[in-house]
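Below is one structure; the comments refer to it alone.
The values are calculated or read from the model by the stated rules, or taken from the named source; none is laboratory data. Every value quoted in this text rests on a predicted model; they were computed, and no experiment measured them. Note: ideal-geometry Cβ built from the backbone for every residue, glycine included; neighbour counts use all protein chains shown. These area figures cover heavy atoms from the full protein model, side chains too; ligands, DNA and RNA do not enter into them. Shrake-Rupley method; radii C 1.70, N 1.55, O 1.52, S 1.80 Å.
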Amino acid sequence: MLPRADKRSAPSPDDLEAARDRLLPDVLPGPGDPPLRVLFCGINPGLVSAATGHHFARPGNRFWPALHAAGFTPRRFTPAEQDLLPGLGLGITNVAPRATARADELDDAELVAGGERLRALVAELRPGWLAVVGIGAYRVAFADRKAMAGRQERRLGDTGLWVLPNPSGLNAHHTPASLAAAFAALRGAVDAR
């Protein structure tokens, strides 16, 4: 059984403001970890994530529940348990590294630069899949204004590209069930590979 991390108190408003523009390190495999099956890619870190040092950490973010519901994790992980992902062949990065309160604080130039960084990271790590969570960020970063959610025709070398809905609680277009289904479709492609 995997260990469960301790719960910590929520960051204060001062902590959140201090986290603005902070960079959040990627969660990537190390020596002894299995090959990277999926590199999940958020739009950029939110302030709660930057303040805590954990990806998808804002209360109400549905990334961790969707990851578990799709069968990527054996149980629902907390954001503080993100370092367990590389042992499962999973990682996390972001299109834009800079923390903001809302993704719409980013400009297109940051997303385009993030797309270039992702191409280099994928060339280095060679994951089976790069899964970008956020269709708008994907469209800008990869200059594909007509992209739709799901599997993309484009590949980065041997790495397949997949676009998932943004799991933020602010994204009212998707329910927990529809997010789980989108993540499960990716899981099916990962298992079929």
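Suppose every Lys and Arg Cβ carries +1 and every Asp and Glu Cβ carries -1, with no other charges. What dipole size does the stretch 59-115 come out with about its Cα centre, to the nearest 20 debye? Before the final figure, lay out the partial values.
Details: 5 positive and 7 negative charges, 81 e Å.
Computed charge dipole of the stretch 59-115: roughly 400 debye.
For the stretch 77-183, the dipole from Cβ point charges (+1 on Lys and Arg, -1 on Asp and Glu) about the Cα centre works out to 340 debye, to the nearest 20.
A Gaussian network model of the chain, with springs between Cα atoms under 10 Å, assigns the largest mean-square fluctuation among PRO79, PRO11, PRO97 to PRO11. In the chain, the portion of solvent-accessible area held by carbon and sulfur atoms comes to 55 percent [1.4 Å probe, whole percent, DNA, RNA and ligands not counted]. With both residues required to sit in the chain, DSSP beta bridges show an antiparallel share near 30%. For ASN94, nonlocal amide neighbours, meaning residues 5 or more places apart or on other chains whose placed amide H falls under 5 Å from its own, are GLY42.
Counting Lys and Arg as +1 and Asp and Glu as -1, what is the net charge of the other residues whose Cβ lies under 12 Å from the Cβ of GLU153?
Numbers: positive: LYS146, ARG151, ARG154, ARG155; negative: ASP144.
Overall, the nearby charge balance is +3.
For ASN61, the residues 5 or more places off, or on other chains, whose built amide H falls under 5 Å of its own are GLY169. Around the Cα centre of the chain, unit charges on the Cβ atoms of Lys, Arg, Asp and Glu (plus for the first two, minus for the last two) sum to a dipole of about 640 debye. Remark: the stretch 85-101, residue by residue, has Karplus-estimated 3J(HN,Hα) of 4, x, x, 9, x, 10, x, 9, 9, 9, 5, 10, x, 7, 6, 9, 5 Hz, where x stands for each Gly or Pro and the curve is 6.51 cos²θ - 1.76 cosθ + 1.60 at θ = phi - 60°. Counting only DSSP H runs of at least 4 residues, each contributing -39500 (n - 2.57), and dividing by the residue count of the chain, the helix-based mean residue ellipticity at 222 nm comes to -9500 deg cm²/dmol.
Comparing ARG37, ARG76, ARG154 in a Gaussian network model of the chain, where Cα atoms under 10 Å apart are tied by springs, the biggest mean-square fluctuation is seen for ARG154.
Summing Lys, Arg as +1 and Asp, Glu as -1, what charge do residues with Cβ under 12 Å from the Cβ of ARG22 carry, ARG22 excluded?
Details: positive: ARG20, ARG98; negative: ASP15, GLU17, ASP21.
Combined, the nearby Lys, Arg, Asp and Glu give -1.
Rounded, prolate or oblate: which one fits the stretch 129-193, using the alpha carbon gyration tensor with axes a ≥ b ≥ c (rounded when a/c is under 1.5, else prolate when a/b beats b/c, else oblate)? Oblate, because a/c is 1.5 or more while a/b does not exceed b/c. For log10 I(q)/I(0) by the Debye sum over Cα atoms at q = 0.08, 0.11, 0.17 Å⁻¹, computed directly from the structure shown, the correct entry in (i) -0.23, -0.45, -1.16; (ii) -0.35, -0.62, -1.13; (iii) -0.28, -0.53, -1.27 is (i).
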